Amino acid sequence: MTRRERRAAGKIFTDDGEGMQEESLKGKKLMWRFNRTKPGNPRKRVKILRKLLGSMGKQCYIEPPLNICYGSNVHIGDYFYANMNLTLIDDWTITIGSGVMIAPNVTIAVTGHPLHHDRRWHGEMYAFPVTIGDNVWICAGAIVLPGVTIGEGSVIGAGSVVTKDIPPYSLAVGNPCKPIRAITDEDKEYYYRKLRFDDGE
């Protein structure tokens, strides 16, 4: 199997061949340009992001700085917003749905390394895709680990470490991150604890 085939099959691989390091370098150069754009120039930022990312929908905004490995393995839907210091370890596929919001200092990582040092001497790694459903909110400082799927409409609490799949419409928190309750229609009435929406009145 080629390195890319091994990566896609979830097997141990290295990135020292088949143009993988060159692909990563191209992405890092685009990331460097993106992170040095001046505030108030969203068109330039979007133009760079469309070259950097594998795909990106309409009305997406990422606040610099952005940290990324490839860029080409990231796929984002419509109406996406990410605050500063988003880190995407995209040695393999990261798929993000529409209407997703990401707070500052969030890391999404598809990659890990063997535990025993003899098995990672040459940079051996594995990668499992991460999928984030539509209308998810990931709060500040959360970390999403390889192979995780976060279901549609869920909220990941600040500082959480997501090691396993999260069901749709769940509030999930902690390390390791676990669902603590469902998100229901009652949450349309209250915006924070027992503070009620006034609907502009």
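Numerical summary
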{"read-out": "Residue match in segment 126-138 (condition: at pLDDT 95 or above and within 20 Å of Pro64 (Cβ to Cβ))", "value": "yes"}
{"read-out": "Selection count where residues are outside any strand (DSSP E or B), among the polar types (S, T, N, Q) and under 17 Å from Gly99 (Cα atoms), scope segment 141-185", "value": "1"}
{"read-out": "Selection from segment 155-188 of residues that are charged (D, E, K, R) and under 17 Å from Thr131 (Cβ atoms)", "value": "Lys164, Asp165"}
{"read-out": "Any hit, segment 35-47, residues being touching a residue at least 24 places away in the same chain (Cβ under 8 Å) and among the aliphatic types (A, V, I, L, M)", "value": "no"}
{"read-out": "Criterion: in a helix (DSSP H, G or I), more than 14 Å from the chain's Cα centre (by Cα) and polar (S, T, N, Q) - qualifying residue of Gln59, Gln21", "value": "Gln21"}
{"read-out": "Segment 69-103, residues that are over 11 Å from Leu53 (Cα atoms), crowded, with 19+ Cβ neighbours inside 10 Å and aromatic (Phe, Trp, Tyr)", "value": "Phe80, Trp92"}
{"read-out": "Single condition Gly147 does not satisfy, out of (1) over 27 Å from Gly10 (Cβ atoms); (2) crowded, with 16+ Cβ neighbours inside 10 Å", "value": "(1)"}
{"read-out": "Residue match in segment 118-140 (condition: under 14 Å from the mean Cα position of the chain (by Cα), among the small types (Gly, Ala, Ser) and outside any strand (DSSP E or B))", "value": "yes"}
{"read-out": "Complete set of residues in segment 50-60 that are within 20 Å of Asp134 (Cα to Cα) and surrounded by 14 or more Cβ atoms within 10 Å (Cβ to Cβ)", "value": "Leu53, Gly54, Met56, Gly57, Cys60"}
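Residue by residue, here is whether (1) touching a residue at least 12 places away in the same chain (Cβ under 8 Å); (2) under 21 Å from Ser24 (Cα atoms); (3) not aliphatic (A, V, I, L, M) holds:
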{"site": "Asn83", "(1), (2), (3)": "yes, no, yes"}
{"site": "Thr93", "(1), (2), (3)": "yes, yes, yes"}
{"site": "Asn105", "(1), (2), (3)": "yes, no, yes"}
{"site": "Gly141", "(1), (2), (3)": "yes, no, yes"}
{"site": "Val162", "(1), (2), (3)": "yes, no, no"}
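The values are calculated or read from the model by the stated rules, or taken from the named source; none is laboratory data. Here the structure is a predicted model, which is why all the values come from computation and not from measurement. Glycine also receives a Cβ, built like all others from the backbone with ideal geometry; neighbour counts cover every protein chain displayed.
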